[in-house]
Structure formats: structure tokens, C-alpha cells
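Everything below concerns the one structure shown next.
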Amino acid sequence: MSSNQKRIPYRRRPVWAADHQRNMTSITRKLHWHWMRKRLTGFLKTDLLLIVLAVLGWCAGQEYTRLGTIQIENSRNIFVLSSARQIYYQVRSPENEILFSVPSRDPLIVLAAVVNILLILQLLGLLFSYFGEGHRIRRILAPINEMALKADELSRMSFSEEKFHLIEDAIDQIHPDQTGAEKPLSFGDSDLSGVEAAMNNLLLRMRETYRQQARFVNDASHELRTPIAVIQGYANMLDRWGKTDEKVLEEGIAAIKNESEHMNHLVEQLLFLARGDSGKTSLAIAEVSVKDLMQEIYEESFMIDEKHRYRLKLPEDPLKIQADPALLKQAVRILVDNAAKYTPESEEIQLSAGKTDRGDPYLQVQDMGIGMAESEIPHVFERFFRSDEVRSQAGTGLGLSIAKWIVDKHGGHFEVLSRTELGTRIRIILPQ
Ligand code: ATP
Ligand code: MG
């Protein structure tokens with residue numbers, strides 16, 4: 001959190017902060033317990049080691065004092081004599097002769113007392129540091145708590161148009177990819193650098209997505225406004241003169257039909273993209289014969305459009321791929337529609353399929369039409385992009401965006417080759 005942003009003091013936090021507070025408390029408690037368990041296990045291990053060392057030391061001391069030496073070959077054991085209520089430590093020579101036997105109950109009682117005192121001291125120490133540790137954990141978690149509160153604050157905002165503008169301005173002011181005057185989000189804590197980077201990336205993506213969405217909605221509204229205005233204009237004209245003038249009547253009806261068809265096409269395209277963006281379109285993958293698919297499209301194109309010469313070129317081998325046949329067909333149809341739209345009458349349009357040098361299957365549409373300038377090619381898949389040369393023709397600029405969505409979903413990509421006045425070749429390349 002940057003220094004100029006105000007932290008909400010714990011006591012003045014609004015009611016909705018209670019849930020987060022509870023969540024944070026449970027995380028704090030979990031961390032706390034983890035820390036306690038770790039410390040306690042550490043103490044127990046140390047105590048155990050101390051007991052083992054003390055017993056070994058005492059046994060070695062006894063042996064040295066009584067025998068003047070410690071011989072490894074001697075056998076040792078500890079046994080309990082319940083009749084005498086005593087524990088003995090006994091050492092025997094390799095010949096099984098008892099060298100000495102010493103009662104060891106008292107030293108064991110002393111050891112137990114020492115260990116008990118040590119344990120009590122350790123538990124007391126743990127209890128004192130418990131409160132300090134809790135404070136430390138809460139301090140470390142404070143920025144995460146702030147983030148959760150901010151997120152909650154955002155999620156509870158009612159998004160009026162004014163609020164949207166506020167968010168737009170706020171997002172605009174964050175520059176997660178830059179340093180300098182407009183700094184990326186920073187918590188000023190090296191331990192939180194991972195969270196910081198993730199948040200900055202998220203903000204960057206949110207900003208980009210927000211921009212794209214805003215542009216899309218803006219362009220879509222703009223595109224819809226034109227046919228509506230035209231229909232309105234013709235309706236007014238019909239209202240005034242259409243009842244008496246038959247020519248005006250026919251012209252008006254034709255124009256309204258044309259515009260409503262255009263609007264219908266536009267709405268269908270918008271719906272496809274909106275469904276795709278929201279993840280509602282799923283692929284129905286099946287084995288597809290590319291040759292059969294291209295043959296079908298060729299025959300259909302041939303029938304729909306008599307003004308161009310269509311040619312089909314297919315390889316000998318069967319070309320089978322895993323794809324959604326209906327969607328893939330739609331993508332190729334978009335390419336054929338463009339070829340027909342942007343190629344002068346009686347010129348040739350070639351449909352073909354095959355395998356690239358790398359062995360990836362491809363489906364291709366090539367025309368001898370108006371082509372595109374090199375600078376336009378990178379933009380043809382952008383939503384609503386149309387080159388200046390084609391603006392006089394009907395179209396929305398969404399066809400190739402839809403084709404791209406379909407091909408992307410299949411894990412494929414496009415290859416575009418185009419020269420102005422010479423023609424265009426667009427290839428859909430799919431993974432093997
Ligand atoms: P619609 O959405 O109705 O298909 P559109 O054809 O204008 O409209 P896209 O199919 O997305 O939209 O094509 C985008 C732009 O790319 C076209 O407007 C045109 O400028 C260019 N383009 C696409 N295909 C060709 C082609 N075969 N020859 C020349 N230009 C093309
Ligand atoms: Mg098109």
C-alpha cells in the first residue's frame with residue numbers, strides 16, 4: 001500500500017470488515033499454532049537428548065570410577081528389582097563375571113526432577129513469547145488484510161455509470177508495467193514482492209481487458225446505431241410519401257429489408273463473440289475429414305456464388321483431424337465469403353488443403369482480389385477492423401475475429417499472405 005493511501009484503523013472498520021477480520025484471525029491462529037507446535041517439538045527433542053546424554057554420562061562415570069577404565073567389550077544392563085524397589089545398573093566382563101552392580105533409582109529421580117523443572121521453564125517461556133509472536137504474525141499479515149478489505153470494498157460498490165468512470169480513471173492511473181512518477185503497486189516489503197508482482201500483473205491484465213471490453217461495446221453500439229438510423233430514416237420517408245408514391249414505397253421496403261438483414265448479421269456475430277468470451281461456446285470435437293469438409297464448402301460456394309470461378313485442390317492422402325466440424329466449417333466459410341466479397345467478378349477463388357513442411361494440416365483459401373497493404377495484415381483479426389478500400393461494401397469487420405476465435409480454440413493459427421491488386425491467401429494451420 002502506498003504511503004498516501006489511508007489505512008483503515010482496526011477500531012473504525014465498518015461492519016462488513018468483520019468477515020475478513022475473522023478470516024485473518026483464523027489464519028493468524030493457524031500460523032500461531034504451527035509456530036507453537038514447532039517450538040514445543042524442538043523443546044521435547046532437546047530434553048530427550050539431554051536425558052540420553054545424562055544417563056550415558058552417569059553410566060560412563062560409574063564405570064570409570066569403579067573400574068578405572070571403560071572397556072567396550074563389557075556387557076551392561078539395567079534391571080529392576082521390584083522386591084527391593086530398586087533399579088540397578090550392572091556391568092559384566094566378557095566372561096560373564098559381575099564387575100559391579102550399582103543402585104540407580106536416586107540419580108534417576110534427580111534427573112526426572114531436573115527434566116520437569118526444565119519443561120516447566122520452557123513452557124513458561126513459550127507462554128510469554130506466545131503474545132509477542134501473535135503480534136508479529138498480525139503485523140506480517142496486515143498488508144494482506146488491507147488487500148482483502150479493499151477487494152471487499154470494490155466488490156460491494158454499486159456500479160453506476162459514475163462509478164465505472166471512477167474505476168476507469170483509477171485503473172488508468174495505475175501503471176503496473178512502469179516505474180518512475182506513476183509507480184506500480186508496491187507494499188514496500190520484500191517478503192511480499194511475489195504478491196506485489198502477481199497483483200501488478202493482474203492489474204495490467206485487468207486494464208487491458210477493460211480497455212478491450214470498453215472498445216468492443218463502443219464499436220458495437222456504433223455499428224448498431226447506423227442501421228437503426230437508416231431504418232428510422234426510411235420509415236419516416238415511407239410515412240410521409242410512401243403511401244402515395246409506389247417508387248418510394250419499393251425503395252423504402254428494399255432498404256429496410258437490407259438494413260435489417262445487415263443488423264441481423266451483426267447481432268449474430270456479436271452474440272457469437274460474446275458467447276465465446278464468456279466461455280459458453282464449447283467445442284464438439286470429432287474426427288473430421290478435411291477433404292470432405294473442403295469438398296462440401298466448395299460445392300456450396302459454387303451454388304451460392306455464380307460470379308466467381310471456384311477451384312478445389314486436394315491432396316491424395318486422406319487428411320483426418322480432430323476438430324469441431326461445424327465451427328471449422330464456419331471459419332473456412334468466413335474466408336471464402338471474404339474472398340468472394342473482395343475479388344472482382346469472374347476471377348478465380350481456390351480452395352485447397354494439405355500438410356505444411358512441418359506436417360501440420362492446413363485449410364486454405366486463395367483469391368485474385370484487391371488484396372491488402374502490408375500494414376493492414378496485422379490488424380485484420382481485430383474486432384471491427386475494415387480497410388479503407390472496402391468501406392463502401394457491406395460488412396462489419398467481425399468475420400475474421402470469429403474465425404480467429406474458432407482457430408485459437410483448436411490450438412491452431414493463421415498464415416496470411418496478401419499483395420494489393422494481386423490477391424490474398426489465408427491458411428488455417430491446425431496442430432497434428
Ligand atoms: P464481415 O464481418 O461482415 O465479414 P468484413 O469482411 O469487413 O465484414 P472481416 O471478414 O473480419 O470483416 O475482414 C476484415 C477486413 O480484412 C476486411 O474488411 C478487409 O479489409 C480485409 N480482408 C479480409 N479478407 C480479405 C481478402 N480476401 N481480400 C482483401 N481484404 C480482405
Ligand atoms: Mg468478412
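Is it true that residue 249 is surrounded by 15 or more Cβ atoms within 10 Å (Cβ to Cβ) and not basic (Lys, Arg)?
So residue 249 fits the description; yes.
Would you call residue 295 open to solvent by 100 Å² or more (accessible area, probe 1.4 Å) and polar (S, T, N, Q)?
For residue 295, the condition - open to solvent by 100 Å² or more (accessible area, probe 1.4 Å) and polar (S, T, N, Q) - is not met.
Name the single residue, out of those in the range 22-49 being touching a residue at least 40 places away in the same chain (Cβ under 8 Å) and among the polar types (S, T, N, Q), that is least open to solvent (accessible area, probe 1.4 Å).
28
Which pairs turn up if I take residues in the range 270-297 that are touching a residue at least 40 places away in the same chain (Cβ under 8 Å) and over 16 Å from residue 428 (Cβ atoms) and look for partners that are of a type in the set (Ser, Thr, Tyr) and open to solvent by less than 50 Å² (accessible area, probe 1.4 Å) with beta carbon separation below 9 Å, at least 6 apart in sequence or on another chain?
270/396; 272/281; 273/401
Restricting attention to the range 367-383, and to residues there that are within 16 Å of residue 338 (Cα to Cα) and away from ligand 2 (no atom under 16 Å from the Cβ), which single residue is surrounded by the most Cβ atoms within 10 Å (Cβ to Cβ)?
This residue is 368.
Within the range 310-327, is there a residue that is within 16 Å of ligand 2 (Cβ to nearest atom) and crowded, with 17+ Cβ neighbours inside 10 Å?
Looking through the range 310-327, none of the residues is within 16 Å of ligand 2 (Cβ to nearest atom) and crowded, with 17+ Cβ neighbours inside 10 Å.
Going through the range 55-76 one residue at a time, which ones are closer than 18 Å to residue 113 by Cα, over 60 Å from the mean Cα position of the chain (by Cα) and loosely packed, with under 11 Cβ neighbours inside 10 Å?
57 - this is the single residue of the range 55-76 that is closer than 18 Å to residue 113 by Cα, over 60 Å from the mean Cα position of the chain (by Cα) and loosely packed, with under 11 Cβ neighbours inside 10 Å.
Only residues that are within 16 Å of ligand 2 (Cβ to nearest atom) and open to solvent by 70 Å² or more (accessible area, probe 1.4 Å): list them for the range 397-426, please.
Within the range 397-426, 404 is the sole residue that qualifies.
Does residue 52 fit the bill of being of a type outside the set (Ser, Thr, Tyr), assigned by TED's automatic domain parsing to the domain that holds residue 107, modelled with pLDDT under 90 and open to solvent by 60 Å² or more (accessible area, probe 1.4 Å)?
no
The values are calculated or read from the model by the stated rules, or taken from the named source; none is laboratory data. It should be emphasised that the depicted structure is a prediction, and the values quoted were computed from it without experimental measurement. Because the Cβ atoms are built from the backbone with ideal geometry, glycine has one as well, and the counts that use them run over all protein chains shown. We work out accessible area using only protein heavy atoms, side chains counted, and drop any ligands, DNA or RNA first. Shrake-Rupley method; radii C 1.70, N 1.55, O 1.52, S 1.80 Å.
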